[in-house]
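Below is one structure; the comments refer to it alone.
The values are calculated or read from the model by the stated rules, or taken from the named source; none is laboratory data. Please read these numbers as outputs of a predicted model, since none were measured by experiment. Counting neighbours? That spans all protein chains shown, and the Cβs are built from the backbone with ideal geometry, glycine included.
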Amino acid sequence: MTKHVIDKPKDRSEIKAREYMRLEREEGPHRATKQLHARGLGARGAARIREFLRIERGREA
């Protein structure tokens, strides 16, 4: 016997994704993420950021 037209499983992927994001937000940022944000850029990092910003603004070498 075939299933009825309305006997289809509901797509719950949106609900699952929403619940996953809620749980992740409650846990807060991961320890590694906090460490990356806390560390300094140093001289090389600051120079790289200046170059990225220069390129982003459209100024080529």
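Inside the range 1-37, can you point out the residues that are outside any helix (DSSP H, G or I) and within 15 Å of the chain's Cα centre (by Cα)?
Applying the first criterion (outside any helix (DSSP H, G or I)) to the range 1-37 yields 1-12, 28-30.
Listed by number, the residues that qualify are 28, 29, 30.
Which of (1) surrounded by fewer than 10 Cβ atoms within 10 Å (Cβ to Cβ); (2) acidic (Asp, Glu); (3) not in a loop (DSSP other than H, G, I, E, B) does residue 51 not meet, given it meets every other one?
Answer for residue 51: the failing condition is (1).
Is it the case that residue 40 is modelled with pLDDT under 80 and part of a loop (DSSP other than H, G, I, E, B)?
Working: modelled with pLDDT under 80: yes; part of a loop (DSSP other than H, G, I, E, B): yes.
Criteria met by residue 40.
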